[in-house]
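To keep things clear, I will list the structure first and then write my remarks on it.
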Amino acid sequence: MCSPSAPNDLFDSGAPVSQRFPKSRRLRKRVEFQRVYEQGRRIRSALFTAHVRDAETTAPGRVGLTVTRAIGKAVVRNRVKRRLREAVRRHWLELPDGLEVVLHARRPIAGVAWSRLEMEVRRVFQAAKNASST
């Protein structure tokens, strides 16, 4: 285990504390996920499907994650969730206010390199931003 002062590439990105991924920026309830699925539009990616919905408010954008059993056993699913959460945490400031996004993982996500996962999250956030401004 690394000491608290030792650098850790996965968690210590040199980012300020304000880049944490607080509960207020997450979709957490089933009804919130359902609303995004039913009222949102889809953005497809090789690694996940993003469902994007314009919220009625100008509140900060919120993100939810879903990883189903089709991805793999519990160990694999939990690893995918941790990696996806970290990629979102590093880039959630790029998500425009007033958007709700659900990232639904697809099978190829389990074996993908970190750089590709991070790139796809950024691409989807940019596509959501572009779609919301039109």
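The values are calculated or read from the model by the stated rules, or taken from the named source; none is laboratory data. Since this is a predicted model, take the numbers as computed values, not measurements. Cβ placement follows ideal geometry from the backbone for every residue including glycine, while neighbour counts extend to all protein chains displayed. The area values use the complete protein model at the heavy-atom level, side chains included, leaving out ligands, DNA and RNA. Shrake-Rupley method; radii C 1.70, N 1.55, O 1.52, S 1.80 Å.
If you wrap a convex hull around the alpha carbons of the range 29-114, what volume per residue comes out, as a whole number of Å³?
97
Roughly how many percent of the accessible protein surface of the range 23-69 is carbon and sulfur, given a 1.4 Å probe and a whole-percent answer?
Carbon and sulfur: 46 percent of the exposed surface of the range 23-69.
Where does each of SER132, SER45, SER115 land when they are ordered by accessible area, with a 1.4 Å probe and the largest first?
SER115, SER132, SER45
Arrange the peptides 94-102, 123-131 so that the one whose residues have, on average, the most other Cβ atoms within 10 Å appears first.
Highest to lowest by the protection proxy: 94-102, 123-131.
If r is the Cβ-Cβ distance from GLN39 to ALA70 and R0 is 22 Å, what FRET efficiency results, to the nearest 0.05?
Working from the Cβ atoms, E equals 0.35.
Write down the accessible area per residue of the range 43-95 in Å², having rolled a 1.4 Å probe over the full set of protein chains.
Ligands and nucleic acids excluded, the figure is 50 Å² per residue.
For the range 17-89, calculate the relative contact order in percent as a whole number, restricting contacts to Cα pairs under 8 Å that are 6 or more residues apart.
This gives 30 percent for the range 17-89.
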